[in-house]
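Any read-out appearing in this document is the output of simple, stated calculations on the displayed coordinates, not a laboratory observation. The structure presented is a predicted model; accordingly, all values stated were derived computationally and were not measured. Cβ sites come from the backbone with ideal geometry, for glycine too, and all protein chains shown count toward neighbours.
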Amino acid sequence: MTMKNLKGLRGFLIDAPEPGKLRGIRDGAVLIEDGVIAAAGPYDEVRRTPDAELVRWQHSSEAVIIPGLIDIHAHLPQYPVVARVEKALLPWLRRHVFPVEKQFNAATARTFAPFFFEALARNGTTCAMLYATIHEDSCDAAFAAAERSGMRIILGKVMMDSGSYGGLPAEKILPRSLEQSERLCRKWHGRDNGRLEYAFSPRFAVTCTEELMREAGSLARKFDAYIQTHLSENHNEIEMVRSLFPRHPSYTAVYEACGLLGDRTVLGHCIHLGDEEIQLLAESRSAVAHCPTSNLFLNSGIMPLDRLLDAGLRVGLASDVAGGPELDMWRVMRCAIESQKARSFYQTGVRVPAEAEIFHLATLGGARALGKESLLGTLDVGKEADMVVLDLARVLPYGERGNVHSDLSAEEVITLLIYRGGPQAVIETFVRGTSIHRAPPPLLL
Ligand code: GUN
Ligand code: ZN
């Protein structure tokens, strides 16, 4: 008889299977078998299931257990230059981003990529879709670090053949960029049973020729890999795209003409879209990465979240580090609410999202945007056991001494986390039932 690989976690289970509704089970439990959720429900029921007899239960009814947070757009090599203030996107890219990306060689990636994945796990993020730089070797090293970290990662080498920092003559870049991207995709896409995947990553229309974008699109389709790029983030960027591609009616139409839209495509920002552009995204089933902290930090604008959701678009949340100054998805959730509140002060008819709706976007919404809703995003039986265990005492005003959280509702818990949560609240992070981060026990004062 083979031994089953079983693990049991106990705590207040909270997830958001629908946009505005939370599901909460106080003193609940999750039984994990071979990395998959085998049972979830009240602790008293789950511990009586036959498989649960031998399980040593971890954590306690005091803990909170949620699905892992999903960050669908960030730039790994940019982490060292967070919080560099500039007036707008394009000067910020020139002054801070391109210089740090240019230096991101294989040695730098080997040193820093493991810290980046640790930081994600420490923040309770279990799955992230990331950009590397234009370099093949450092992207390869970052993938190797992702493999060792246990995180669920989608990553791609940045492609740009116009205005790049690479120093190659333009005509040489395109074949090389395609060849390198294809090699990385062949090596990493689907690795470890799909835990690592590849995203073809033409940076944005400002730094890509039509030919590059078309070829990137067809490679992604050939390998059934993802596509990620930026769309409609900043007014000067939109103007540049208009003058570079005058034959196309809009920024989104450029991507559509190049075959970059589709159900495996994630577009960052999408702040200033016209109705026809939103329609193009909806018809192509493309997904949107909403990056509210970055949109404020870089003075880009406020995304009309209700308009995009009402059009039926799949929307996930994203830190967009280093456009956003932190990886903490609770801050991103808070900003997603507060930026819509700000919009509602000067525009009529704005729907401000409730906390439960934003938590849904950071979990199942992100999973949907990545086409992974059958695998991730809730605590349903049969899903992969990507989850976070939190200590609510670490966000309460009087900590352990407060002793008021035993009667909080699921809505109150998630609201506390959105307004006061962060890495300090994370006790343990799991991907496929494997612990990838465990916080040291708190100091007893
Ligand atoms: N548009 C093109 N590249 C970038 C980038 O690195 N960050 C952000 N926020 N926008 C971009
Ligand atoms: Zn970005």
Projected area averaged over orientations for the stretch 208-341, convex hull of C-alpha atoms, nm²:
7.9
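Could you compute how fast the chain diffuses translationally, taking Rh as the Kirkwood radius over C-alpha pairs and applying Stokes-Einstein at 4 °C with viscosity 1.567 mPa s? Give it in µm² per second.
Estimated via Stokes-Einstein, D reaches 58 µm²/s.
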Per residue, how big is the convex hull around the C-alpha atoms of the stretch 129-224? Give it to me in cubic angstrom, could you?
82
Go through the stretch 366-371 residue by residue and turn each phi into a ³J(HN,Hα) via Karplus (6.51, -1.76, 1.60, θ = phi - 60°); whole Hz please, and just put x for glycine and proline.
x, 4, 5, 4, 9, x
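How big is the Rg/Rh ratio for the stretch 169-258, C-alpha atoms only, Rh by Kirkwood, two decimals? Don't skip to the end; give the middle numbers.
Numbers: Rg = 14.2 Å, Rh = 14.0 Å.
Using Cα coordinates only, the ratio equals 1.02.
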The long-range amide H neighbours of ILE436, using H built 1.01 Å from N in the peptide plane and a cut-off of under 5 Å, are THR429, PHE430, VAL431
Which of rounded, prolate or oblate describes the stretch 62-201 when judged by the alpha-carbon gyration tensor and an a/c cut-off of 1.5?
oblate
Highest mean first, what order results for 63-73, 141-151 on Cβ atoms within 10 Å?
63-73, 141-151
Ascending count of other beta-carbon atoms within 10 Å, so fewest first, for LYS157, LYS102
LYS102, LYS157
Would you kindly give the portion of the calculated P(r) for the stretch 9-80 that falls above 18 Å, as a percent of all Cα pairs?
47
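Using only alpha carbon pairs under 8 Å that are at least six residues apart, calculate the relative contact order of the chain and give it in whole percent.
20
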Using the Karplus equation 6.51 cos²θ - 1.76 cosθ + 1.60 (θ = phi - 60°), what ³J(HN,Hα) coupling, rounded to whole Hz, does each residue of the stretch 253-260 give in order, writing x for Gly and Pro?
5, 4, 5, 5, 5, 8, x, 8
If I model a spin label as a point 7 Å beyond the Cα along the Cα-Cβ vector, how far apart are those points for SER409 and THR348 in nm?
3.2
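Starting from the Kirkwood Rh over alpha-carbon pairs, what translational D in µm² s⁻¹ does the stretch 96-152 have by Stokes-Einstein at 25 °C and 0.890 mPa s?
Reported coefficient: 213 µm²/s.
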As a percent rounded to 5, the proportion of antiparallel DSSP bridges among beta bridges in the chain is 45
Search the structure for amide H atoms under 5 Å from the amide H of ILE154, placed 1.01 Å from N in the peptide plane, and list their residues when 5 or more places away or on another chain.
ALA128, MET129, LEU130, GLU197
Descending principal axes extents, the stretch 289-445, alpha-carbon based, whole Å
48, 37, 33
Straight-line reach from LYS372: which aspartates and glutamates have a Cα under 18 Å away, not including same-chain ones fewer than 8 places off?
ASP15, GLU18, ASP71, ASP192, GLU197, ASP224, ASP263, ASP380, GLU384, ASP386
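Could you please rank TYR198, TYR346, TYR226, TYR255, placing first whichever residue has the fewest other Cβ atoms within 10 Å of its Cβ?
TYR346, TYR226, TYR198, TYR255
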Ascending count of other beta-carbon atoms within 10 Å, so fewest first, for SER181, SER374, SER286, SER164:
SER374, SER164, SER286, SER181
Which whole-Hz ³J(HN,Hα) couplings does the stretch 77-94 yield from phi under the Karplus relation 6.51 cos²θ - 1.76 cosθ + 1.60, θ = phi - 60°, glycine and proline marked x?
x, 8, 3, x, 10, 5, 6, 9, 6, 9, 5, 7, 3, 5, x, 5, 4, 5
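Determine how many Å³ per residue the convex hull of the Cα atoms of the stretch 267-362 encloses.
Enclosed volume per residue, from the Cα hull, is 88 Å³.
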With only Lys, Arg, Asp and Glu charged, each at its Cβ (+1 for the first two, -1 for the last two), find how big the charge dipole of the chain is about the Cα centre; round to the nearest 20 debye.
720
Looking at the stretch 28-124, which GluC sites (Glu not before Pro) are in a loop (DSSP not H, G, I, E or B) and have at most 15 other Cβ atoms within 10 Å?
GLU62
